[in-house]
1. Hydrophobic (A, V, I, L, M, F, W, C), surrounded by 20 or more Cβ atoms within 10 Å (Cβ to Cβ) and in a helix (DSSP H, G or I) - does that describe any residue in the stretch 644-657?
2. If the requirement is being out of contact with any helix residue (DSSP H, G or I) (no Cβ under 8 Å at 6 or more places or on another chain), hydrophobic (A, V, I, L, M, F, W, C) and closer than 30 Å to ILE794 by Cα, which of these qualifies: LEU1039, LEU967?
3. In the list SER1072, SER1103, which residue meets the criterion of being hydroxyl-bearing (Ser, Thr, Tyr) and under 19 Å from LYS1201 (Cβ atoms)?
4. Of the conditions (1) at pLDDT below 70; (2) over 30 Å from ILE1180 (Cα atoms); (3) β-branched (Val, Ile, Thr), VAL432 clears all except one; give me its number.
5. Return the only residue of TYR47, TYR146 being in contact with a Phe, Trp or Tyr (Cβ under 7 Å, 6 or more places away or on another chain), closer than 21 Å to GLU31 by Cα, without any contact (Cβ under 8 Å) to a residue 60 or more places away in the chain and among the aromatic types (Phe, Trp, Tyr).
6. Does the stretch 1169-1179 include one or more residues that are among the charged types (D, E, K, R), in a loop (DSSP other than H, G, I, E, B), over 30 Å from ARG1051 (Cβ atoms) and modelled with pLDDT of 90 or more?
7. Just one of ILE168, ILE109 is part of a strand (DSSP E or B) and surrounded by fewer than 19 Cβ atoms within 10 Å (Cβ to Cβ); which is it?
8. Report, by residue number, each residue of the stretch 946-972 that is closer than 16 Å to GLN917 by Cβ and either among the β-branched types (Val, Ile, Thr) or surrounded by fewer than 22 Cβ atoms within 10 Å (Cβ to Cβ) (or both).
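The values are calculated or read from the model by the stated rules, or taken from the named source; none is laboratory data. Predicted model, so just to flag it, every value in this text is computed and none were measured. Here the Cβ positions follow ideal geometry from the backbone for every residue, glycine too, while neighbour counts run over all protein chains shown.
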Amino acid sequence: MITLDNLRDALRALCYEPSGDGTVYQKSWEETSAQITVDFSKKRIGYPKDLGFKVNKDTTCNFSDNENFVVLACVTMLLDKGYRPESLELEREWALGHEQKSGRADICINDERGDTLAIVECKTPGTEFKNEFKNMQSDGGQLLSYWQQERATRWLVLFACDFINNEIVPDQVSINCSDDENFIALAKRDDTIALYRDAHTVEQLHQVWTETYNQQVEGNILFGDRSTAYHPMVPPLLKKDLVDFRAEDSIVNRFEEILRHNNVSDKENAFNRLIALFIAKLQDELSKMPTQEIEFQYRQGRDTYETLQDRLQRLHSDGMRKLMREEVLYVPNDYAENLISNYTGQHRKKLIEELNGTLRKLKFYTNNDFAFKDVHNEELFLQNGKVLVETVQLLQPYRIVGTQDIQFLGDLFEQLLNQGFKQNEGQFFTPVPITRFIWKSLPLDSIVQDEAGAVHYPRVIDYACGAGHFLTEGFEEISDAACQYDPTIEDDLGDADWVRDNLVGIEKDYRLARVSKVSFYMHGAGQSNVVFGDGLENYPDKGIDSRTDRGRFDILVANPPYSVAAFKPHLKLHNNELKVLETISNSGSEIETLFVERAAQLVRPGGYAAIVLPTSILDKSTSSSFMAARDVLLSSFEIVSVARFGSGTFAATGTNVAIMFLRRFDEIPPRNANALDFVDAVFERRKLTGWKDESAFNAYLDTINVDGDTYRAFLAGEAGWNEWANTRHFNVYCHLFESSKELKTLRKSKTWKAADKNSQLKAENELFYRYAHKEERKRLRVWGLVCGEQTLIINSPNTTKEIASFLGYKWSNRKGNEGIQPIDGEGVLYSDDESDDTNSLSGIIRAWFSGEQVEPGDLAQYYYYAKTTDFIDFDAEKFDETLTIPRSFYKPRSFAQGTVVKTLRDITSYVTNSVAQSSITTDTYVTTENMVKDRGGITTYSGELPASAGTAYKKGDTLVSNIRPYLQKIWLADRDGACSKDVLVFRSINTDSLLPEFLHLLLWQKDFFDYDMSTFTGTGRPRGDKDELLKYPIPVPTLSEQRALIDDFNRLTDEINSKRQQIAALKESVKSRFVEMFRTKTHASWPIETIGNYSIEMHYGTSAKAGADGDYVYIRMNNITDDGILDLTDTKRITLKGQALENATVRYGDMLFNRTNSIDKVGKTCVFHQSETMVIAGYIVCVRFADHSSAEYVSGYLNSKEGKRVLRNIAKGSVHQANISAADLAAIPIAIPPLSLQQEFADFAAEADKSQFALEQEVDALSAERDALLDRFLA
């Protein structure tokens, strides 16, 4: 802004010259002899009144208002442009309004004849300028009031002038006061079209500007390069002048308003026309240089509806051919002239043939791509032209190519899509938050990196891509993940070459295929491949061929159609076969089952899939196609996670859906072949000892609750079939066989009737065992497919309010705010900060892809881990591989016969008595904050005391935190005191039957907290349900048994605590010894070397899939503790061979470095002290030294405070996690002490580690004994 403080600098920028003492600045114009003076001593501005420059009031000729400096700048620029002084007038006055108050225009510009050319209202930049423009939009503001008085004026100009970096920066919006010739023509046929010439009041002028001209404004008409004095000109719109779309521009609402006031009711058709316009605009921008004038604009005064539409048709035709690879007929204006000039004389016959051919195409093969209204006469053409002009004017100032905010542009397109596209049968667009959740759940950090640490772009497909939501979101996420490993990656709009062969969509609806392609350009992925076709088909020429490895994909993400009635007769596949299709009738609607099989075809071994499916795919048992689809799932994929969502997720459907997160099994050997071999091994009664089949078979026996001898007797088939009627599992076969048609047919046969009883029983036995063994083989095969797998289950809440809080959005039907409405601060699906896996469900899924179970947190109520086999009922009468997934996986305990079992309600009560606020003291006050997690008791309260009363507790009461029960906070009170309302106080009703200490022991059990977690609700600070907690069943032994158990519990607890203190002392001793030996002044003389130069080898681990079985222990990042210890209590196994094994193997004395983790855990380091060959995961770097004592020293340094600080400084943040590459690690400088000192420290650390390991084993044994104290009461 120009103010008195910077006025001198602003005047110099306007080429004013100061006087000798600098008190007066002046500028002269030789052509007109005009001169303006600015006198700082008098604070006056002198305009050339002697030359006819008219100043009606001197209010703008002083320094009293910053707006006067804007007027000065505007007048100066007008004189610079060549306007004569006599053509300019300040403060022209009119009587305005009903009360005839005066109104004065800042500047009036007359033309060469003396008529008013333009009225200029000056405002300071920023708030005043914006507010006045809002006033103009609202009711016309000052300028339209002046126009009403001065109807001859041709332009209204709102002007502001800023002063930035010593440069004058003008800004203006202008209204053309002349009626458009196209609208004049339209008004002759449509009397609803209002024109300026017929408006007689300010209100009417404003109405015409609003409804006829859609409040269209122009830019720099006065001072543009093509404007001259007395000839203002709308500046041509150049490509470099285009600006980014902004949220405050309300494009969607403005487009809807255009449709509304032009009575366009067919929104779907309007959206299709909008797509054609976007294609034309894309083509225009891609074909222009920055300084070239764009063609996608309406040139008022020069364009007719015909010339505008012709230009748009040409751009659209070029765009369809070049961008969409489709041919569209375009007939240029000069078609007839060129045709006749090319075919003369004897070639006339050729002319007629071509003309007839073109007319035929126009008649039968074309449609008006810009017809917002049906056009079949001139009047409708004019009406449609008005809509087209307004829409072009709405979009023309903005850019698609090169936008700085690609995400907003993509979101804008999503809004337009949701408003304008009708979702047909089986077709439901996936909300952006859901696509974002899915992509953030995939382990992209490992997917985009190869074994050498370089960027590897995955091949991605969506075989039912719709509007391209999944693929555009995937482009963003993959690009972000790749930048973590290569910061030089460029992903500018239209410049991301990696997507050309790697980002593929298939869409059957041609309109949506075009939408996808436009959307890709808007997101910066214009080279992506969109195939107009059927997602169930192979397209070898497009790189989509499930029959070859090159035609398969690393990632498949999709929301395929489902429940499409009678689709089968219309499905014509030429290059593919689907086995599931054979199980669907011609009238069937279960098309989603085919897309399950198609996913198995398209995803490479080891690849990933995330598919939105109806939950019926998991549990529907009435359709053979659903069973076939489930069999494909179980035989082809590891079901990593199932996220189930309720009816509030998708706007257009109330269907409950499940997002299946899958990982493709390796195909050598095929999973199904292994399972069949397992079945054969069991039925042929091969020796299973030493094979993994042994553990799988034993686990199966445990699940069906049958011992080995009984099962082998069933396989032998020697017992009479009805002898199995009372044997668990096999009794199902007896029941079904007894009522089977085959048995009835046998018993009706003459042969059976003529036989003796033994022969009859033998015939029945043979028939039974053929049937029962066949059925058992089915079940055993499925067990072989999924045994050893675990699945993460996520469930959304049930109530509408909780669902919205869970999703972070809700659906609105309110006019003007239709569609998704984000809820600030809500939503647990994903987080903008994905460095912590515990703060979002996507982080929890992503961690589970790597085999990492996230400890229960605030989100624990929404998820649980379970064996995949737990969801399948292997005792079901009809075994159809149904997966029944409960909302909670808490399994109630079964108690031994004779145990007295009661509920908490029977034996205890909540204490509700209060303690006055004045009686509460810090030494006896308990809140959830000073209760220690993991059943660690309490610490002394150090916060401010509450302002209200607390709950009174007494010595012997058990206190349990009711907030976040997964933290397992519990304390047996050893004093009287008060606690907060969020702490539950349990008290024994009768101490003669239940000792207070035993009540504490009962509630201390992990099973109680598991039960508590299954009841809790809420998304912010989840709480257990107090009424449900009182239903918890517990054993109540005799008082003597209670006392004995209490004594054992206290003894074991004391021993555990003592040993933990010894472990802590050992850890601290190693740290202290390191500081003592290496962080003293003596190290200043030691040489400095980088870790890379000091080591002899560095390599990453493997990203191959690990599981429950395998040849080698698989070390993951959670096996390295924060204290620098290798903890092998929870490991997976893996099988590798050849070079892959060599590259990922670790040896005794190697240092292991966790390169990728959350920012507070990245860089965890330990030394490998095992003699057994083991394999490390891809998130770990193995560093090998010439001497293993060097590994101990470097590990000690990296685990020290100084080392941790260095690691935090070099860690690179990413969209998901922090990362320290092997190169970053290698570059860390470190002092190198003598090898003898290093060896001394290594010996000390090894001895401490050995002692610590022994103590930890003792603690584990004691803890297991303590946890099992109540097992005697369980069945």
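1. no
2. Step by step, each of LEU1039, LEU967 is checked, and only LEU967 is out of contact with any helix residue (DSSP H, G or I) (no Cβ under 8 Å at 6 or more places or on another chain), hydrophobic (A, V, I, L, M, F, W, C) and closer than 30 Å to ILE794 by Cα.
3. Numbers: SER1103 fails: under 19 Å from LYS1201 (Cβ atoms).
Going through SER1072, SER1103 in turn, just one is hydroxyl-bearing (Ser, Thr, Tyr) and under 19 Å from LYS1201 (Cβ atoms): SER1072.
4. Looking at each condition in turn, VAL432 falls short on (1).
5. Within the list TYR47, TYR146, the selection yields TYR47.
6. First, pick out the residues of the stretch 1169-1179 that are among the charged types (D, E, K, R): 1172.
If we keep only those that are in a loop (DSSP other than H, G, I, E, B) as well, we get 1172.
Imposing the further condition that a residue be over 30 Å from ARG1051 (Cβ atoms) reduces the set to 1172.
Okay, now just the ones that are also modelled with pLDDT of 90 or more, so 1172.
Yes; the residues of the stretch 1169-1179 include at least one that is among the charged types (D, E, K, R), in a loop (DSSP other than H, G, I, E, B), over 30 Å from ARG1051 (Cβ atoms) and modelled with pLDDT of 90 or more.
7. Values: ILE109 fails: surrounded by fewer than 19 Cβ atoms within 10 Å (Cβ to Cβ).
It is ILE168.
8. Answer for the stretch 946-972, where residues must be closer than 16 Å to GLN917 by Cβ and either among the β-branched types (Val, Ile, Thr) or surrounded by fewer than 22 Cβ atoms within 10 Å (Cβ to Cβ) (or both): PRO946, ALA947, SER948, ALA949, THR951, ALA952.
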